Amino acid sequence: MALDPTYGYTLPMLRQVGAPPPPDDFAEFWTGLYERARLVDPAPVARPSGPDGALRDVEFTSLDGIRVGGWLSLPADGRVERGLVVGHGYGGRAAPDAAIPVERAAVLYLCSRGMPARGRVPGIPDTAREHVLHGIAARDTYVHGGCAADVWCAVSALCRLVPQAAARVDYLAGSFGGGIGALAVPWDERIRSACLVVPSFGNHPLRLTLPCTGSGEAVRRYARDHPEVRGVLSYFDAATAATFLRVPTHVGLALADPAVPPPGQFAVYNALAGPRERFLLTAGHTEYAGKADEARALLAAQHDFLTSEHDR
């Protein structure tokens, strides 16, 4: 039977999807992980990646001594007024994005641990269906905790490389990176706002009932044979984490998505504890008429959000 990318949910139904309650020590677990990451010396290194020096190859140390990399982009005239850490989807990142929603920003394009092209680490799988299960048997070994730490260490590295960026740091990512952002941003006081697009990992108990074409399918099948993993997943639920996320957050939400079921996306948005704005997308993780126009409109909406008065 063909997969219905709406999962039978209408917009009014999506607006009612909630977040699972947190384990009693949820905040303690995450603040402890964050404190460990803040003690890491990122020891960032940046090298010219092009003739004009505006783009640089970068690498830095994250939690557990893992070196990850990416790219650092600087304004052509060198005038930096803010910083932006940009994550990626579960395919990894092969290059910086073609466009970002803010000007005069030092932008660190992060490659999370294990992910192509500059996050590959021996021992961590680099494909989504295997990466999403790495270390999942225990909360202290699950790779998504390390990926959140990569975000925090990326902020540290960015502020070390470009001190002016520390005046204001924002986070932007979609899909995998959107879900990791929801997990990471609540605990880092240096991050002033976030833009998440079709965020993953929202409402795991519901996700485990929804077949999909994304990484969630590997988790759903694993949990079917290892039901005890539900306890681990409760610490890595992006919707649960969103109940602790109080900085202004903009979320792009797909009404249909075969890879990241829309109910999970909306669970993240609905649970946000701070100021929030949404942008509705026709679909996610698929081609459709008008997709390019929607992408441009989303970029414009993110620009307005990141430069609005309420977010200063």
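For the range 153-171, check the following and say yes or no: at least one residue is under 29 Å from A297 (Cα atoms), assigned to a strand (DSSP E or B) and out of contact with any helix residue (DSSP H, G or I) (no Cβ under 7 Å at 6 or more places or on another chain). Within the range 153-171, none of the residues are under 29 Å from A297 (Cα atoms), assigned to a strand (DSSP E or B) and out of contact with any helix residue (DSSP H, G or I) (no Cβ under 7 Å at 6 or more places or on another chain). Counting the residues of the range 20-55 that are assigned to a loop (DSSP other than H, G, I, E, B), under 29 Å from G78 (Cα atoms) and in contact (Cβ under 8 Å) with a residue 12 or more places away in the chain gives 9. Residues of the range 212-222 that are in contact (Cβ under 8 Å) with a residue 60 or more places away in the chain, farther than 15 Å from F236 by Cα and either in contact with a helix residue (DSSP H, G or I) (Cβ under 6 Å, 6 or more places away or on another chain) or assigned to a helix (DSSP H, G or I) (or both): E217, A218, Y222.
Has the range 227-234 got at least one residue that is of a type in the set (K, R) and over 27 Å from P275 (Cβ atoms)? Yes.
Condition check for S73 on (1) more than 17 Å from D170 (Cα to Cα); (2) without any contact (Cβ under 8 Å) to a residue 40 or more places away in the chain: one failure, at (1). Contact annotation: residue pairs with Cβ atoms under 9 Å, 6 or more positions apart or on different chains, pairing a residue in the range 137-149 that is closer than 15 Å to V219 by Cβ and at pLDDT 95 or above with a partner that is of a type in the set (V, I, T) and not in a helix (DSSP H, G or I), are Y142/I136; V143/I124; V143/V132; V143/I136; H144/V132; H144/I136.
Restricted to helices (runs of 4 or more DSSP H) entirely inside the range 238-312, those with at least 3 residues that are farther than 25 Å from L206 by Cα and touching a Phe, Trp or Tyr at 6+ places or on another chain (Cβ under 8 Å) are 291-306. Among the residues of this structure, E35 does not count as one that is at negative phi, of a type in the set (D, E) and surrounded by 12 or more Cβ atoms within 10 Å (Cβ to Cβ). One residue stands out in the range 56-101 among those that are in contact with a Ser or Thr (Cβ under 7 Å, 6 or more places away or on another chain) and outside any loop (DSSP other than H, G, I, E, B): the one that is nearest to G284 (Cα to Cα), namely W71.
Within the range 1-28, the set of residues being modelled with pLDDT of 95 or more and hydrophobic (A, V, I, L, M, F, W, C) comprises L11, M13, L14, V17, A19, F26, A27.
The values are calculated or read from the model by the stated rules, or taken from the named source; none is laboratory data. Source: prediction; values computed, not measured. FYI the Cβ positions are ideal-geometry reconstructions off the backbone, even for glycines, and counts take in every protein chain you see.
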